[in-house]
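Remarks on the structure that follows.
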Amino acid sequence: MAVRFLSVTRRFHIDFCRLTPSAVNRSVVGLFSTAAEHRSAGDDCHGDDGDDDHSHSVTHVRALEIRARKLEEKVHDLTERYKRALADTDNVRRRTQKFVEDAKIFGIQSFCRDIVEVADLLEKVEERDGVQQLTQYLAHIQGRLQDIFTKHGLEKMSPVGSAYDPYQHEIVCHTPAEGVEPSTIAVVKQDGYMLHGRTIRHALVGIAVKTQEQ
């Protein structure tokens, strides 16, 4: 308390030697009053700073709450979009699977329509009289059948005289090389077929070999 009193007297430059006792008392009371006013003013300033800090904290919390709500709404929206995308993908997968199954079942319907014509021709074979007429009719059926095969990319192999190919041919016998080079295909026991360049049935062939006389 004495230290505070001395600091106040220094601040206001009071010369106690020239003051009367009553004046000294009045000066001391005035100094304490002035010091108290300054202290109160200082306390008031600190109180205002506390209110400002509290207000700033409340504003910051409210801003964070608003941002959190916006983020929750965004997450909800993205989740709904994800669910819809999954549902759409599943629908596309099912439709594609159905399309593939239908293609497997009905993909040969054009070929079937054409081959039915050949079946109709075969049913009329008995109506032909005579061997020559029957032979000509069968040749017509054979030609019509080959046209259908060509139309649908089905090709009969003609391997005689060509080199053996394990992807197209299957060796069933060996035969003397007469009119063909040795190790080439000399005879076809069963025709092979290719569909658009892919072997669907191997040709059963005989390979030409050299004889001792040769």
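Between Phe111 and Thr184, what is the label-to-label distance in nm when each label sits 7 Å out along the Cα-to-Cβ direction?
3.1 nm
Mind ordering 154-165, 105-116 by average Cβ neighbours within 10 Å, highest first?
Ranking the peptides 154-165, 105-116 by packing returns 154-165, 105-116.
Could you name the lysines whose alpha carbon sits less than 25 Å from that of Lys151, not counting residues in the same chain fewer than 8 places away?
Lys104, Lys124
Per residue, how large is the accessible surface of the range 45-157? Use a 1.4 angstrom probe and give square angstrom. Could the numbers behind the result be given before it?
Details: 9540 Å² over 113 residues.
I get 84 Å² per residue for the range 45-157.
Lys74: which lysines have alpha carbons under 16 Å from its alpha carbon, excluding same-chain residues fewer than 8 sequence positions away?
Cα-Cα hits under 16 Å: Lys83.
Can you compute the FRET efficiency between Glu170 and Val131 using 1/(1 + (r/R0)^6), with r the Cβ-Cβ distance and R0 = 35 Å? Round to the nearest 0.05.
0.50
The values are calculated or read from the model by the stated rules, or taken from the named source; none is laboratory data. Values in this document were obtained by computation on a predicted structure and should not be read as measured data. Don't worry about glycine lacking a Cβ; one is built from the backbone with ideal geometry, like all the others, and counts go over all protein chains shown. Surface accessibility is based on the protein's heavy atoms, side chains included, excluding ligands, DNA and RNA. Shrake-Rupley method; radii C 1.70, N 1.55, O 1.52, S 1.80 Å.
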